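Below is one structure, written out as structure tokens; the observations come after it.
The values are calculated or read from the model by the stated rules, or taken from the named source; none is laboratory data. All figures in this text were calculated on a predicted structure; none of them were measured in a lab. Neighbour counts are summed over all protein chains in view; Cβ atoms, including those assigned to glycine, are modelled from backbone coordinates with ideal geometry.
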Amino acid sequence: MDQTQEDAAQRLAEIGQKMVAAQNRFGPTVPPCQLVAVSKTVPAEKIAPFLVAGQMVYGENRVQEARDKWPGLRANFPSVQLHLIGPLQTNKTRDAVELFDCIQTLDREKLAASLRHEMDRAGRHIKYFVQVNVGQEAQKSGVTPAETVAFVHLCQQKYGLDVVGLMCIPPDGVPAGPYFALLAELGHKAGVSQLSMGMSADFVTAIAMGASAVRVGSALFGARG
Ligand SMILES: *Cc1c(COP(=O)(O)O)cnc(C)c1O
């Protein structure tokens, strides 16, 4: 193994061990918590060693960037699962439905309608998380906590979307635990089982609060420029 390949395998092993330790400590989930490797801004040649090391689930926050990077990588790794973790405009839903296996940022009815239309057109089935603006911050996307349950049901019932869970990005600079707990409570009320929460700095806390998926970028790929 060359050095780059060895480094990728080692970083994956380290994060994996921390995840397993957290799950053993706080109560394992079935299936085990999933690692979504956040590869935004990471060039394809730096993602490749992680694919070779066996990491198959990735998160990107921009449709255009994913479209530039992933078709080439996927040609060699067809089992890759791509998650969209950034805001989605309705004029990009056609590309998003083509590229992504899961969209974690569903947060308004117009988007739900557009995604339904594009999935039917493409004959593709994708999964969804509803994004919740847990800190009710003006600059962040997501439905409010109070709107969450009704919005999940609207997406499922009116648009037939396969909403599997909730996703959040808590406020910076304050402990995330209470926000993760809020997301877990809302997921329970909405009747969805998956929770996408926790990033490089706080994924252990997220697992303690019941995360089914953590989204880890810089701890795997290094600091973004
Ligand atoms: C960038 C990003 C992450 C990963 O953040 P790190 O701190 O680098 O682990 C997770 N989730 C979302 C929505 C992001 O945009």
Helices (runs of 4 or more DSSP H) lying entirely in the range 107-225 (those with 3 or more residues that are away from the ligand (no atom under 16 Å from the Cβ) and either within 23 Å of Lys92 (Cβ to Cβ) or at pLDDT below 95 (or both)): 109-122, 148-157
Those residues of the range 67-92 which are surrounded by 23 or more Cβ atoms within 10 Å (Cβ to Cβ) and over 14 Å from the mean Cα position of the chain (by Cα), in sequence order: none
Among the candidates Lys158, Lys189, residue that is among the basic types (Lys, Arg) and over 19 Å from Glu109 (Cβ atoms): Lys189
All positions within the range 4-43 that are under 12 Å from Phe221 (Cβ atoms), outside any loop (DSSP other than H, G, I, E, B) and among the small types (Gly, Ala, Ser): Ala8, Ala37
Test: residue in the range 41-53 that is β-branched (Val, Ile, Thr), farther than 28 Å from Thr144 by Cα and more than 16 Å from the ligand (Cβ to nearest atom): yes
For Asn61: the one exception among (1) away from the ligand (no atom under 14 Å from the Cβ); (2) within 29 Å of Pro170 (Cα to Cα); (3) surrounded by 14 or more Cβ atoms within 10 Å (Cβ to Cβ); (4) at pLDDT 95 or above: (1)
Flag if Ala48 is touching a residue at least 12 places away in the same chain (Cβ under 8 Å), in a helix (DSSP H, G or I) and over 16 Å from the mean Cα position of the chain (by Cα): yes
